[in-house]
Amino acid sequence: MLVYLVVFLIPLVCSLLRTRQGVRRDAGLFAYFLLLVIFTGLRDHVGADWSGYENIYNVDSATSFIDIFAAREFGFGLINKFSQILG
């Protein structure tokens, strides 16, 4: 958990110390943002809630599109359904 804190403290400190230094710093912060997206997006089988999300995915995979729209979180169900279709 400490790793996540350190990773997100870097842009926080940069934003607090921000002065107008031009495009180079903004490009650096944007590159760091992309790194954070990749860092969080490529996690696999990580966290205590992984098995819960896997169960939800399995249920959504076996559910029809019509039934997904009736679900409580239909957006997440649609993402699961499209993910299942795309393999």
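Taken together, the values in this text are just the output of simple stated rules run on the coordinates, not laboratory data. Values in this document were obtained by computation on a predicted structure and should not be read as measured data. We place every Cβ from the backbone using ideal geometry, glycine too, and count neighbours over all the protein chains shown.
Tell me the angle of helix 50-61 to the major Cα principal axis of the chain, expressed in degrees between 0 and 90 and rounded to the nearest ten.
Helix 50-61 and the main axis of the chain meet at about 50 degrees.
When the distances between all Cα atoms of the chain are binned every 10 Å from zero, what whole-number percent does each bin get?
Per 10 Å bin, starting at 0, the Cα pair percentages come out as 14, 31, 23, 21, 11, 1.
How high is the FRET efficiency from L9 to A71, r the C-beta distance, R0 35 Å, rounded to 0.05?
0.40
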